[in-house]
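What follows is a short report on a single structure.
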Amino acid sequence: GGIIQQALRVRANHHLYGGVIDLSEGHVTIITTVYNKAKYIATWAEGLSKQTYLDKMLILVIDDASTDGSFELVREYSARYKLPVKILRNKRNRGLLYTIRRAYHELDTPYFAVLDADDYYVSPEKIEKAVSYLAAHEDCFAHTSNYYFERSPGNLTPAAPTSAGDRDISSCKDFFVMQTCSTTFRNFLTPEILKKIDMFTEKKKFTVCEGDAFRMHFVIGLGKIHFENSLDAVWRSTIGDWGTLSPFEQNVLNMVGTREIFEIYTSQFNMDENAMVMLSRVVGIYMHLVNEVVAGMKALDFFKMQYKPYCQKHLEKFGEGPDSQRVMLAIHQCGKFLNDLGVTINNG
């Protein structure tokens, strides 16, 4: 962690909507990207206001040119709860990938978490527990906890059995229940890594960098992830873009994202032991996903499907033309990737 700490660009003070905060050792940034989430801002803000670690938190909000009053509500609730919020706004709607990258470039605290505007914390000790653990365990690069799925208002289901024990995750094959709202990271985003993210997103058009799958796989190459079985947050699983996709669309994007994660990971860590684990895991996931997508194509009237905008955005890298044609190109690319790994797949 020493090299990463040295690379952080620490600025003494931030002028925030709610005042000034000193960003010294132990401080954490909570990143929230917002686009038209006005109806959820009150719950988001209330959960943050109850955090016992609030005096060492910077809440970085980037509004992606919302049109429903989200920006104004963030300011209103920040003032009401005296939240240490720094709020920025894109001049026009740029999408999540651009917005989260902008947040990455703003980071200058030793730790960070991402809390989507439609999710919220239910444990007041959520951030304090996470930062305290990371500060005491330098070989650990992320702290994650159990959380609730909210599939409908008030219908909360634990993501992991409450009997599951705490554990350290040190290999790609050991990934447990993790989600954006449940995880806090040691800040691994050095200037060099930010340049790589920019290269992959701008040159190679990788969209996987916008989500937690990328963050999780990246930090496992740096150190351990600690899982603590405490129900600390709520994921409104049917609200965000991902939760609204059909299982078929999710499989398509998982197939595309898995290849991107593998390429990003191995570009940073080459073929270390963890990369070998990831290689075998990727092969298994790929074969499963390609088969699932092909089966879905057979079961559905594939060429008449209308994909949701979030899915369409991730397919744009496969050129012009109908979405169905783009999915065919994605499958072809996945097959080529497997072939390059020495694996053949018969998809009928």
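Assuming R0 = 41 Å, what is the FRET efficiency of Y98 and T162, from their Cβ-Cβ distance, to the nearest 0.05?
On the way: r = 38 Å, r/R0 = 0.94.
Step by step, r from the Cβ atoms, then E = 0.60.
Which percent of the accessible heavy-atom area of the chain goes to carbon and sulfur, probe 1.4 angstrom?
Numbers: 7870 of 15330 Å².
On the chain, the fraction of accessible area on carbon and sulfur atoms equals 51 percent.
Filter the trypsin sites (Lys or Arg not before Pro) in region 118-168 down to the DSSP loop ones having no more than 10 other Cβ atoms within 10 Å, then list what survives. Display every interim value, and only then the final one.
On the way: sites: K126, K129, R151, R167; in loops: none.
Hits after loop and neighbour filter: nothing returned.
K39: which lysines have alpha carbons under 29 Å from its alpha carbon, excluding same-chain residues fewer than 8 sequence positions away?
Here the lysines satisfying the reach criterion relative to K39 are K50, K56, K82, K86, K91, K126, K129, K308, K313.
Quick one: grab the alpha carbon gyration tensor of region 249-315, order the square roots of its eigenvalues as a ≥ b ≥ c, and give me rounded if a/c is under 1.5, else prolate or oblate depending on whether a/b is larger than b/c.
Details: a/c = 5.09, a/b = 1.97, b/c = 2.58.
Oblate, because a/c is 1.5 or more while a/b does not exceed b/c.
What's the longest bit of the chain with no exposed GluC sites (Glu not before Pro), using DSSP loop states and at most 16 other Cβ atoms within 10 Å as the test? Can you show the working numbers first?
Details: sites that count: E25, E125, E138, E320.
Of all site-free stretches, the longest is 139-319.
At 1.4 Å probe size, with every protein chain present, just tell me what the per residue accessible area of the chain comes to in Å². Don't skip to the end; give the middle numbers.
Values: 15330 Å² over 348 residues.
Here the per-residue accessible area is 44 Å².
So if R0 is 41 Å, what FRET efficiency would D174 and D340 give, r being the distance between their Cβ atoms, rounded to the nearest 0.05?
Working: r = 26 Å, r/R0 = 0.64.
Step by step, r from the Cβ atoms, then E = 0.95.
Out of these labelled values of semi-axes √(5λ) of the Cα gyration tensor in Å, (1) 36, 30, 15; (2) 33, 24, 20; (3) 38, 21, 19, which was calculated from the coordinates shown here?
Derived directly from the coordinates: (2).
Between T266 and K298, what length in nm is gained on full extension when 0.36 nm per residue of separation is reduced by their alpha carbon distance? Kindly include the intermediate steps, with their values, before the conclusion.
Values: separation 32, 0.36 × 32 = 11.52 nm, distance 3.37 nm.
So the chain would gain 8.1 nm between T266 and K298.
Can you give the helix-only mean residue ellipticity at 222 nm for the chain, where every DSSP H stretch with n ≥ 4 adds -39500 (n - 2.57) and the sum goes over all residues, rounded to the nearest 500 deg cm²/dmol?
Details: 11 runs with 144 residues, N = 348.
Computed ellipticity for the chain at 222 nm equals -13000 deg cm²/dmol.
When the solvent-accessible surface of protein heavy atoms is calculated with a 1.4 angstrom probe, in what order do Y98, Y77 fall, highest first?
Working: Y98 80, Y77 35 Å².
Listed by decreasing accessible area, they come as Y98, Y77.
Under 4 °C and 1.567 mPa s, how fast does region 190-288 diffuse according to Stokes-Einstein, given a Kirkwood radius computed over C-alpha pairs? Answer in µm²/s, whole number.
Working: Rh = 15.1 Å.
Diffusion coefficient, whole number: 86 µm²/s.
Compare the Cα positions of I331, F269, S237 along the charge dipole of the chain (+1 at Cβ of Lys, Arg; -1 at Cβ of Asp, Glu; about the Cα centre) and return the one farthest towards the positive end.
I331
The values are calculated or read from the model by the stated rules, or taken from the named source; none is laboratory data. All of these numbers come straight from a predicted model, not from anything done at the bench. Cβ: placed from backbone, ideal geometry, glycine included. Neighbour counts: every protein chain shown. All accessible areas refer to the heavy atoms of the entire protein, side chains included, with ligands and DNA or RNA removed. Shrake-Rupley method; radii C 1.70, N 1.55, O 1.52, S 1.80 Å.
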